[in-house]
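First up is the structure itself, then whatever we jot down about it.
The values are calculated or read from the model by the stated rules, or taken from the named source; none is laboratory data. Everything numeric here is computed off the predicted structure, so don't read it as measured data. With ideal geometry, Cβ positions are generated from the backbone for all residues, glycine too; neighbour counts draw on all protein chains shown.
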Amino acid sequence: MLRSRQRSGLATVALVVLVVAVVAAALVAFGGPASPDETPVGTEAGDAYEAVDGVEATRTTVVERGGEVHRTVADVALRPGTDRRRVEVLEATDRRYDVVVENDSTVTLYDRDENAATQFSASGTGAGPTFGDRVERLFGRLTVTDADGTETVEDVSPLPVVPAGANGPAASTATDTAALQLSYEGTEAVDGREAYVLRLAAPEDAERDFEQTLWVDRSHFFPLARQATWTDEDGQRVSVETTYEDVDFDPGLDAETFRFDPPANATVETLETPERTAYASVERLAAETNVSVPDPEVPGSLRLTAATETTGEVHGVGLQYVNETASVSVAKYDRTFPPRGDRETEVAGNDAAVSLGSTTSVSWNCGDYRYTVRGEGVSVETLLAVAESVACE
């Protein structure tokens, strides 16, 4: 009798298991609700990126504009989320410096051909969202739980991911920084590492075309590759592509990595570090300085984060505005230089120049003062609009 009951109980259990299996199969087959423990892809991007102590890699950047192609290959060592970096150029179409080293206090630029170094105090970018935070916000717009799935959403702000040497993406106007389409396109391999693929593109009916693709490491959410293409205001097609190869995460970088001692026979120029005072508001800055403070018109999503006065050999004022994906700064100081850059233009009837560097900038002179509007993650058109609003104030 006991064995009969055991057999009956086992049969009941088997029936229950069978029913559960059939229901589960039906849910999968007919698109039933996702398992409650399925986590959307990218939820942990900010924390994973912040956990990376260091990166070593070979970085290749290719900039194409019209018929011109500029290619730079460099060995890099970075601490993500900080300004600490070491860049040693291996080959380049054109270059100004062979070595750039930055730590918490000093920036060193070294030219091997001239055996000359320039050193100055690091300004620092201050606290703010990291690349990982920004990517997490993009993933937050998505609901993808399958790494190999796809999804598209509308009205997403761009990330400032175009590197030095480009003319800045035409991804926004002075009043609109959230008009892109975001697509998640599964995973691809970049130099042997699996990466999530995110694509941002202007809508088909947009006045200006823009497309930006990120290949983000699946484990560390570091950008293994990034590409942006657009048509600039002169009608020329521009493409910027950066790829990291032979990537080594957490290689044990020490303080000496971010220190550079020029050769004993090198010419070293140490630039004087001016004194800088920060104020809580533009009004407070204006009340304390004898320099008229610009009143720029910036995109509505940007907020003021710094209002400063610089004194010393150079006297001037500066304002900085940021949002989660972009930044714009306005500087005015009492030292003029001929407006030289990568493209000539005009601001308020004055000769001006657009310059390419770690950020895109527009500079011009008015009387005894030089003005510079600098931006990251915004278009050249936006910077020119901000510059026109400043004019010669």
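Quick look at the numbers
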{"item": "Residue within the stretch 316-324 that is of a type in the set (A, V, I, L, M) and more than 30 Å from V156 (Cα to Cα) present", "result": "yes"}
{"item": "Residue within the stretch 221-235 that is buried (at least 18 other Cβ atoms within 10 Å of the Cβ), at pLDDT 85 or above and in contact with a Lys or Arg (Cβ under 8 Å, 6 or more places away or on another chain) present", "result": "yes"}
{"item": "Leading residue by the ranking (nearest to V282 (Cα to Cα)) among those in the stretch 332-371 that are buried (at least 19 other Cβ atoms within 10 Å of the Cβ), modelled with pLDDT of 90 or more and not aromatic (F, W, Y)", "result": "K332"}
{"item": "Filter result for D254 (more than 19 Å from the chain's Cα centre (by Cα), under 19 Å from V101 (Cβ atoms) and free of Cβ contacts under 8 Å to residues at least 24 places away in the same chain)", "result": "yes"}
{"item": "Complete set of residues in the stretch 73-95 that are among the acidic types (D, E) and out of contact with any Gly (no Cβ under 9 Å at 6 or more places or on another chain)", "result": "D75, E88, E91, D94"}
{"item": "Residue check for D47: in a helix (DSSP H, G or I) and either at pLDDT 85 or above or in contact with a strand residue (DSSP E or B) (Cβ under 7 Å, 6 or more places away or on another chain) (or both)", "result": "yes"}
{"item": "Given (1) at positive phi; (2) modelled with pLDDT of 85 or more; (3) crowded, with 22+ Cβ neighbours inside 10 Å, index of the condition G168 fails", "result": "(2)"}
{"item": "Residue that is nearest to the chain's Cα centre (by Cα) [pool: residues in the stretch 171-207 that are modelled with pLDDT of 85 or more and assigned to a loop (DSSP other than H, G, I, E, B)]", "result": "D191"}
{"item": "Residues being without any contact (Cβ under 8 Å) to a residue 24 or more places away in the chain and of a type in the set (D, E, K, R) - total across the stretch 293-314", "result": "1"}
